[in-house]
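What follows is a single structure, written as structure tokens, with notes after it.
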Amino acid sequence: MNTTTTKKTKTDGLTHELSRLIGKENVLHLLEDRICYSYDGSKQKYLPDVVVRPQSAQHVSGILRFAYEQEIPVYPRGAGSGLTGGAVPVKGGIVLDFTQMNHIVEISPEDLTATVEPGVITQTLQNEVAKHKLFYPPDPASAPFSTIGGNVAECSGGITGLKYGVTRDYILALEVVLANGSIIHTGRKTLKSVTGYDLTRLFVGSEGTMGVFTQITVKLLPLPEKIETLLAFFATTQDAVQSASQIIFNNLLPRAMEFIDKSSINCVKGYKQEIQIPAEVNALLLIDVDGRESSVKAEASLIEKIVRENNALTIASAKSSKERNTLWEVRRAISPALYNIAPYKINEDICVPRSRILEILDRIASIHKQYPSLKVASFGHIGDGNIHVNVMYDNGEQQRALAERMIEEILRNTVEVGGTVSGEHGIGNVKSAFLSLEIPPMELGIMKDIKQLFDPKGILNPGKIF
């Protein structure tokens with residue numbers, strides 16, 4: 001029997017058994033369907049043997065029980081927007097597509113909580129709770145299409161991380177299906193609980209390697225009354241970084257504070273945005289302030305004073321949502337506009353202590369000089385030290401190899417200054433080779449032991465993290 005026939009027989013067997021468990025309408029086995037699930041935002045391609053679309057925790061339990069018995073790899077998937085390969089089925093097997101489990105189970109304004117299924121789109125939840133004058137703060141750039149389940153699996157960050165923290169700070173309770181199909185519940189639907197080990201936080205950020213989320217309870221906050229936005233233009237990166245430091249030093253905590261470097265600025269000029277950026281501008285700070293209207297006005301005024309004292313060339317401000325969108329278009333346009341520089345890019349998400357931001361930017365510039373054929377653009381959440389370093393290159397194995405070598409140098413330097421190789425994207429399989437740069441052998445061994453405890457047969461998202 002040839003390889004093609006063997007694979008077809010394997011797929012047919014899986015399809016038959018999974019159709020029996022959850023209904024044939026929830027099982028995809030045609031090649032054209034499986035190709036759609038072979039990649040994620042990292043642009044790798046690995047073909048799964050079959051794709052299932054569970055409708056309930058019981059469906060997930062049955063699928064995992066079967067997979068556990070047969071030792072078949074299982075790859076949970078939300079929207080496939082991850083950038084480190086978290087959802088790609090590197091060993092084939094079963095892809096669990098959670099887009100059908102997309103219900104908001106409950107919003108409880110009195111308790112400041114919401115309970116959702118993992119396939120709920122992040123922005124959908126934000127919009128729904130806003131109707132109750134509530135606020136779900138985690139706000140990754142992918143919020144219009146990424147799912148809550150994926151956000152929890154990666155412990156996603158985003159632009160509001162400076163003031164409000166990341167996804168793990170808002171997860172109160174989880175319903176989790178373990179590798180053997182058992183369903184467990186962690187945490188409580190209370191704002192405080194210190195009973196036993198914090199299993200909830202253990203699962204957050206585990207990237208689908210220890211269990212599969214089927215229900216998530218999140219903490220909500222009152223919706224801020226007012227948001228005001230400032231866009232500050234600087235002649236030097238140093239002035240922009242110093243301004244950001246001075247804002248925090250003066251006990252001001254913006255909702256968001258984004259840094260944009262010269263390369264990124266050059267990309268967005270004229271690219272779907274209305275803001276005119278003068279030629280002498282080499283760095284930008286985009287700052288959101290939120291809260292009660294009176295406090296927002298006072299804080300925005302103080303921030304404007306600080307950036308002027310730190311040599312801001314000019315400042316644009318927005319009071320209305322329309323004006324805010326115009327200013328934020330500068331930031332939103334960066335990622336697609338970068339492809340004007342080169343057709344391929346590697347997007348890193350290093351994070352360093354705020355006091356070392358200027359140093360790491362200088363180190364990146366120094367490293368770049370060794371790779372003149374590559375292009376580099378840096379932007380990101382300067383308030384919490386999270387910088388997106390984009391290394392761009394032309395087609396070809398040699399260029400790709402150079403880009404990967406440069407990335408490794410940047411990550412090594414990041415760890416040297418006390419930073420982390422991933423502030424919000426996770427590890428997946430893209431960064432697994434760099435895990436040991438940051439995590440010592442004993443701590444890494446403990447992590448592997450925990451993985452073994454929850455997934456003794458290694459069927460949950462194999463090939464990721466370790």
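The values are calculated or read from the model by the stated rules, or taken from the named source; none is laboratory data. What you are looking at is a predicted structure, and each value in this text was computed from that prediction instead of being measured. Reconstructed Cβ throughout: ideal geometry from the backbone, glycine too, with neighbour counts over all protein chains shown. All accessible areas refer to the heavy atoms of the entire protein, side chains included, with ligands and DNA or RNA removed. Shrake-Rupley method; radii C 1.70, N 1.55, O 1.52, S 1.80 Å.
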Top-ranked residue in the range 332-381 [being in contact with a Lys or Arg (Cβ under 8 Å, 6 or more places away or on another chain) and modelled with pLDDT of 95 or more; ranked as farthest from V268 (Cα to Cα)]: Y371
Can you find even one residue in the range 266-276 that is within 19 Å of I382 (Cα to Cα), open to solvent by less than 50 Å² (accessible area, probe 1.4 Å) and in contact with a Leu (Cβ under 8 Å, 6 or more places away or on another chain)? no
Going through the range 373-386 one residue at a time, which ones are touching a residue at least 60 places away in the same chain (Cβ under 8 Å), among the aliphatic types (A, V, I, L, M) and surrounded by fewer than 24 Cβ atoms within 10 Å (Cβ to Cβ)? V376
Can you say whether S301 is open to solvent by 30 Å² or more (accessible area, probe 1.4 Å) and at pLDDT 90 or above, as far as the supplied structure shows? yes
Check on I364, within 17 Å of V421 (Cβ to Cβ) and either open to solvent by 10 Å² or more (accessible area, probe 1.4 Å) or over 20 Å from the mean Cα position of the chain (by Cα) (or both): yes
I'd like the full set of residues that are farther than 12 Å from Y344 by Cα and touching a Ser or Thr at 6+ places or on another chain (Cβ under 8 Å), limited to the range 388-410. H388, V389, L402
Sort out which residues of the range 35-56 are in contact with a strand residue (DSSP E or B) (Cβ under 6 Å, 6 or more places away or on another chain) and open to solvent by 10 Å² or more (accessible area, probe 1.4 Å), and write them in order of number. Y37, R53
Being more than 12 Å from I227 (Cβ to Cβ) and either open to solvent by 30 Å² or more (accessible area, probe 1.4 Å) or hydrophobic (A, V, I, L, M, F, W, C) (or both) is the filter here, so list the residues in the range 318-331 that pass it. K322, T326, E329, V330
Quick check: anything in the range 368-385 over 21 Å from the mean Cα position of the chain (by Cα) and charged (D, E, K, R)? yes
Being free of Cβ contacts under 8 Å to residues at least 40 places away in the same chain and over 26 Å from S56 (Cβ atoms) is true for just one of G165, G157. Which residue is that? G165
First in the range 224-239 and open to solvent by 40 Å² or more (accessible area, probe 1.4 Å) and outside any strand (DSSP E or B), second anywhere and modelled with pLDDT under 95 and among the acidic types (D, E), Cβ under 7 Å, 6 or more apart: E225/E293
Contact list, first residue from the range 31-49 and within 18 Å of E207 (Cα to Cα) and at pLDDT 95 or above, second anywhere and among the charged types (D, E, K, R) and assigned to a loop (DSSP other than H, G, I, E, B), beta-carbon distance below 9 Å, six or more apart or interchain, is S38/K45; Y39/K45; Y46/K91
